[in-house]
Amino acid sequence: MQKTTLITGGAGYIGSHTALALIDAGQQVLVLDNLCNSCRESLKRLEFLTRIRVDFIEGDIRDTKLLDDIFSRYDIDAVMHFAGLKSVEESVRQPLEYYANNVVGTLNLCHAMARSEVFKLVFSSSATVYGAPRKIPIIEDLGTGKPVNPYGRTKLMIEELLTDLCLSDPRWSIAVLRYFNPIGAHESGLIGENPNGRPNNLLPCLTQVAIGRAPELTVFGGDYPTVDGTCVRDYVHVVDLADGHLKALQALQRRNGIHVWNLGTGIGYSVLQIIRSFEDITGVTIPFRFAPRRAGDIAQCWADPSKAWRELGWHAQRDLMQMIIDTWRWQLCNPQGYRSQPELLASIALKQWV
Ligand code: NAD
Ligand code: UFG
């Protein structure tokens, strides 16, 4: 019988794109999600895209009994662990929620995995663990820094927990994927980022302005020591990220211990460069104004992704233009996010393929 990959947080933004990549590669997946920041509709759309039924369990990674039940009922041989809370701003206001969800949740998951002798894990980490980088581009071996918010600290704590786990038992094989700035959406326009409430990240904020839901974009800080005074980041297409997960999972078949890989393009763009590119590509003008620096932002960071290329054969294939086109298509097709009309979407998607 074919083994199953458990995808925690698989109804969310990156998890749903990765589930699609795994299914497309012929793998069996089981999604576990408590839907605190997502909805069933993303999974329905996955089913539409793949033409197969996606096994889904609504539940929480902190529910030990549920995890034991899942590991005993399904023939799981690996876990992709996306479930967690991810808002930097919220983590400052509600640190206990973040430590409970992210750290305790991961601890529970690892316990349940160990009890069921499932030792392969791919973990969603973040470039936030580097803190303010001493050297750019950032290489994995440079070591972690001091994250400046509770969210970042949960990611670093989890990385340390996973490192200790691998030291304690050689049967574990764990991939820690440090994402830079994921943007974009699947080219069908059917799945994408669907933030609950007011978005914080640059691209969702920018597209809110582009569709007229917000009057202008706030640019946080124009006085950074960067190319034009605004912050520089390494934006990476979510479909490329999904492919990185597939390759990391394949790599775990051949190696034990913990392995850290940066997933970024290696190219940095400033906030102003993103705004200008968006305007050039879509023809939509983005009114913006400068505001003071946002607390906790670093001036610039981008990845050295060469380790992922050497060891996984992975590199990002989609450029900024593709990222913007796919983000914009998702936004136009889904003005209400996943509450938008599926029939209309289906016809749009089909038209693109025919
Ligand atoms: P997302 O919020 O869209 O997806 C996370 C999913 O986990 C959601 O569907 C949510 O409902 C679920 N979830 C949260 N807590 C849960 C729990 N206790 N039990 C079960 N399900 C739970 O976020 P995303 O952007 O897809 O991020 C996925 C992972 O990648 C997260 O761990 C995030 O911290 C990490 N990450 C994201 C970014 C980014 O910019 N998107 C950058 C770096 C790292
Ligand atoms: N920005 C604006 N205006 C906005 C939103 C963002 O100017 O309305 C700026 C920010 O100040 C920053 C840049 O756009 O300079 C990117 O900001 P994001 O919030 O999109 O992304 P961050 O780099 O702050 O953080 C993201 C994820 C984190 C993750 C980190 C890893 O949100 O979870 O990338 O590099 F940890």
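Some values worked out for this structure:
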item	result
Average silhouette area of region 4-351, convex hull of alpha-carbon atoms, in square nanometres	16.5
Separation of alpha-carbon centers, region 1-38 and region 234-280, rounded to whole Å	18
Expected 222 nm ellipticity per residue - DSSP helices of 4 or more, -39500 (n - 2.57), all of the chain, to 500	-12000 deg cm²/dmol
Cross-link reach list, lysines versus residue 3, counting only Cα pairs under 26 Å and skipping chain neighbours closer than eight places	44, 65, 120, 247
Backbone HN-Hα couplings from phi across region 85-101 [Karplus 6.51/-1.76/1.60, Hz, Gly and Pro as x]	9, 9, 8, 4, 4, 5, 5, 6, 7, 10, x, 4, 4, 6, 5, 5, 5
Diffusion coefficient, µm² s⁻¹, Stokes-Einstein with Kirkwood Rh over alpha-carbon pairs of region 138-200 at 20 °C and 1.002 mPa s	143
Unit charges on C-beta of K, R, D, E only; dipole of region 121-257, Debye	260
Peptides 121-127, 156-162 ordered by average Cβ neighbours within 10 Å, highest first	121-127, 156-162
Debye-sum result for region 231-348 in log10 I(q)/I(0), which assumes one identical scatterer on each alpha carbon, at q = 0.12, 0.13, 0.16, 0.22 Å⁻¹	-0.62, -0.71, -0.96, -1.21
Cα gyration tensor shape for region 238-283, rounded if a/c is under 1.5, else prolate or oblate	prolate
Whichever lysines have a C-alpha closer than 19 Å to that of residue 146, once near sequence neighbours (fewer than 8 apart) are set aside	86, 135, 155
Accessible surface, per residue, of region 4-351 when the full set of protein chains is kept, probe 1.4 Å, Å²	43
Cα pair count fraction exceeding 22 Å, expressed as % - region 74-146	41
Highest average packing first - 203-211, 249-257, Cβ atoms within 10 Å	203-211, 249-257
Largest-first principal axis extents of the Cα set of region 267-318 (Å)	43, 31, 10
Chain lengthening between residue 196 and residue 294 when straightened (0.36 nm per residue, less Cα-Cα)	33.2 nm
Point-charge dipole on Cβ atoms (K/R +1, D/E -1) for region 75-189, about Cα centre, debye to 20	380
Farthest positive-ward along region 4-351 dipole, Cα basis, beta-carbon charges - from 132, 84, 172	132
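The values are calculated or read from the model by the stated rules, or taken from the named source; none is laboratory data. All figures in this text were calculated on a predicted structure; none of them were measured in a lab. Don't worry about glycine lacking a Cβ; one is built from the backbone with ideal geometry, like all the others, and counts go over all protein chains shown. To get the accessible areas, we keep the full protein, side chains included, count just its heavy atoms, and leave off ligands, DNA and RNA. Shrake-Rupley method; radii C 1.70, N 1.55, O 1.52, S 1.80 Å.
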